[in-house]
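For reference, the structure discussed in these notes is given below.
The values are calculated or read from the model by the stated rules, or taken from the named source; none is laboratory data. Owing to the predicted nature of the structure, the values given are computational and were not obtained by experimental measurement. The protein model used for the area step is the full one, side chains on, heavy atoms only, and it has no ligands, DNA or RNA in it. Shrake-Rupley method; radii C 1.70, N 1.55, O 1.52, S 1.80 Å.
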Amino acid sequence: MQRLTRTIDAPKDLGLQGVIEVPEGAPVELDLRLESVMEGVLVTGTARASAKGECVRCLEPLDHEVDADFQEMFSYPDADDRGRPKDDAGDDAEDDEDTLFLEDGLFDLEPVLRDAVVLALPMQPVCQEDCEGLCSECGVRLADEPGHHHDAVDIRWAALQGLAGTIQDGEKDEMSGADAEAGVDEKQEK
Ligand SMILES: [Zn+2]
Ligand SMILES: [Zn+2]
C-alpha cells in the first residue's frame with residue numbers, strides 16, 4: 001500500500017461545460033491511496049479543486065469548492081488470463097470497455113478524475129440557496145435590492161387600474177360607452 005499526495009493542473013473541460021467547471025490549469029489537489037491486489041492496483045482517492053460557474057437564477061459568477069471521492073481498479077493487462085474463470089469468455093468484449101488497465105506500470109487517472117468531478121458538481125449551481133434570481137420586470141438582481149417591486153406588475157393589471165379610474169369618474173359624471181357600463185354591472189354583481 002502506498003499513499004501519494006499530488007497537486008496537478010486541471011485538464012481541459014473538467015466539469016459541466018457552460019455550467020460550472022474547474023478552469024484549465026487550476027490546481028487540483030489529489031490524495032491517493034494505491035493498493036496492490038491480485039489482479040492489479042486499486043486506486044482510492046479524493047480530488048479537491050475550485051470550480052467556477054454562474055448562478056442559474058441570477059447569473060452572478062460563483063466559486064464552488066469541489067471535493068470528489070473516487071475508487072477505481074486498474075488491472076494488469078494479463079489479468080484476464082490469471083484472475084478470471086474461462087467460462088465467462090462470452091462477456092469479454094463488454095467487460096473490456098469498462099476495465100482500466102495498467103500500462104508499463106502507469107495508470108491514467110484522468111477519465112476517473114473527470115467522472116468524479118462531474119458527479120460532485122451541482123447541475124444547477126446557485127450563488128446562495130435562497131437566491132431569488134432576477135426581477136422578471138426589469139432584470140435587477142433581487143438579492144441586491146430587498147423589497148424591490150413594481151406597482152404595475154403586468155400590463156393587464158395596468159388596464160384594470162385604468163378601468164377602476166373610469167368607474168370612479170363615471171359615478172360622478174355621466175357614463176361614457178357601453179363597455180364601461182358593462183364593467184360596472186359586473187363589478188356590482190360580485
Ligand atoms: Zn443567484
Ligand atoms: Zn424590477
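Worth pointing out:
- Once the chain from D13 to L106 is taken as fully extended at 0.36 nm per residue, the excess over their C-alpha distance is 31.2 nm.
- Ranking of V140, V66 by solvent-accessible surface, largest first: V140, V66 (1.4 Å probe, protein heavy atoms only, all chains present).
- Measuring with a 1.4 angstrom probe and ignoring ligands and nucleic acids, R33 comes out at about 80 Å² accessible.
- Cα centroid separation, segment 128-147 to segment 1-41 (Å): 37
- Å² per residue, accessible surface of segment 1-60 at 1.4 Å: 57
- Residue order for E54, E129, E72, E24 - accessible surface, 1.4 angstrom probe, largest first: E129, E24, E54, E72
- Potential lengthening between L34 and D69 on full extension [0.36 nm per residue; Cα-Cα distance subtracted]: 11.2 nm
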